[in-house]
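The values are calculated or read from the model by the stated rules, or taken from the named source; none is laboratory data. Just so you know, these numbers come straight off a predicted model, no measurement behind them. Quick reminder, even Gly has a Cβ in these numbers, built from the backbone with ideal geometry, and neighbours come from all protein chains shown. Heads up: the accessible areas ignore ligands, DNA and RNA and are worked out on the full protein's heavy atoms, side chains in. Shrake-Rupley method; radii C 1.70, N 1.55, O 1.52, S 1.80 Å.
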Amino acid sequence: MAAGAHPVELPEGLLDALEQLMFAAIGLTTIALEQAAPGDLTFQQWRALVVLGRAGDTRVSDVAARVGVSLPSASRLIARLMERGYVDSARDDHDRRETNVTLTRRGAQVRRAVISRRRQLMMSALGAEAGTLAPGLGRDLEKLAGAFDEYA
């Protein structure tokens with residue numbers, strides 16, 4: 001905690017519920033990856049596709065930071081994605097030491113397929129519970145998601 005910062009008061013059980021959701025999200029994503037792109041993507045490679053899909057043209061060093069790997073590991077990860085036709089790379093026009101990476105059409109398609117499968121799994125898991133959820137829950141979840149946006 002930063003010096004002078006005050007602890008945040010959270011509703012009872014919120015952190016536990018968020019932890020459960022995050023564990024479930026990892027599980028849902030793992031299953032969706034295997035079903036939509038069988039044996040084709042590791043979780044870290046998927047994470048890179050997520051980052052590139054959100055940010056567009058991105059430096060390899062930024063992909064490394066967002067995925068949580070070293071620059072050499074990110075370079076190898078990007079090379080494997082290029083071999084599969086999921087990303088393209090080019091030298092940065094402003095800084096020739098940097099390489100920029102973008103999703104290809106194929107990369108965007110597999111990203112959409114995994115997201116679509118994950119949404120299907122979520123809808124199936126919610127089932128009858130969906131009708132019992134509070135009407136403002138979506139807005140509240142958007143606020144929570146915004147708090148974690150730097151990690152997405």
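Some points to look at:
- Unmet requirement for L33, which otherwise passes all of (1) farther than 20 Å from M122 by Cα; (2) open to solvent by less than 40 Å² (accessible area, probe 1.4 Å): (1)
One line per residue, one yes/no per condition, for (1) open to solvent by 50 Å² or more (accessible area, probe 1.4 Å); (2) under 19 Å from A25 (Cβ atoms):
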site	(1), (2)
M82	yes, no
R96	yes, no
L103	no, no
R111	no, yes
V114	no, yes
R117	yes, yes
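- Out of A113, A65, one residue alone is within 17 Å of F43 (Cα to Cα) and touching a residue at least 12 places away in the same chain (Cβ under 8 Å). It is A113.
- Of all residues in the range 78-92, exactly one satisfies the criterion of being in contact with a strand residue (DSSP E or B) (Cβ under 8 Å, 6 or more places away or on another chain), part of a loop (DSSP other than H, G, I, E, B) and within 14 Å of L49 (Cβ to Cβ), namely Y86.
- Any chance A24 is open to solvent by less than 60 Å² (accessible area, probe 1.4 Å) and farther than 18 Å from L103 by Cβ: yes
- The one condition in (1) farther than 30 Å from M123 by Cα; (2) open to solvent by 20 Å² or more (accessible area, probe 1.4 Å) that Q44 fails to fulfil: (1)
- Selection status of L144, in contact (Cβ under 8 Å) with a residue 12 or more places away in the chain and more than 21 Å from I26 (Cα to Cα): no
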